1. Given the conditions (1) out of contact with any strand residue (DSSP E or B) (no Cβ under 7 Å at 6 or more places or on another chain); (2) surrounded by fewer than 21 Cβ atoms within 10 Å (Cβ to Cβ); (3) closer than 14 Å to residue 127 by Cα, and given that residue 2 satisfies all but one, which numbered condition is not satisfied?
2. How many residues does the range 16-46 hold that are surrounded by 12 or more Cβ atoms within 10 Å (Cβ to Cβ) and closer than 12 Å to residue 86 by Cα?
3. Could you tell me which residue of the range 30-88 is farthest from residue 127 (Cα to Cα), considering only residues that are touching a helix residue (DSSP H, G or I) at 6+ places or on another chain (Cβ under 6 Å) and part of a loop (DSSP other than H, G, I, E, B)?
4. Which is in contact with a strand residue (DSSP E or B) (Cβ under 6 Å, 6 or more places away or on another chain), touching a residue at least 12 places away in the same chain (Cβ under 8 Å), farther than 16 Å from residue 22 by Cα and loosely packed, with under 15 Cβ neighbours inside 10 Å, of 115, 61?
5. Failed condition for residue 91, given (1) in a helix (DSSP H, G or I); (2) at pLDDT below 85, with all others met?
6. Could you count how many residues in the range 38-56 are without any contact (Cβ under 8 Å) to a residue 12 or more places away in the chain and over 15 Å from the mean Cα position of the chain (by Cα)?
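The values are calculated or read from the model by the stated rules, or taken from the named source; none is laboratory data. In this text the structure is predicted, and so the values were computed from the model without any measurement. When we count neighbours, we look across all protein chains shown, and the Cβ atoms used for this are built from the backbone with ideal geometry, even at glycine.
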């Protein structure tokens, strides 16, 4: 019940944004469960094409990151870093923001291999930034969308 009350306290624009991000994050989670990463990424690349209509209706990158974080708590398995990174990248790219998904790995003695994904925009981490010093970046910052 508290979630419903918090949702109703949001502005109409925030509620609509949260609904859209929740729907996309749900679709991404399901897609990653059913398909390998490459076809999911290819589909998201197609729908991530910049939209002139969305450029005229700017939503701050930080607000998109907020909506993605909140949606991650709602969608089953939505806290998955890759799913959140893909969702946020899609919304940012469609609005013309330069954005990059970064991947990192952690290998230390006795600890199982761990991978992590996060999103950077204008040199700042928008989502997935906790304890990044533990991860070694895999890809160079060359994959940006604008």
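1. (3)
2. 14
3. Selected residue: 51.
4. 115
5. Every listed condition holds for residue 91 apart from (2).
6. 7
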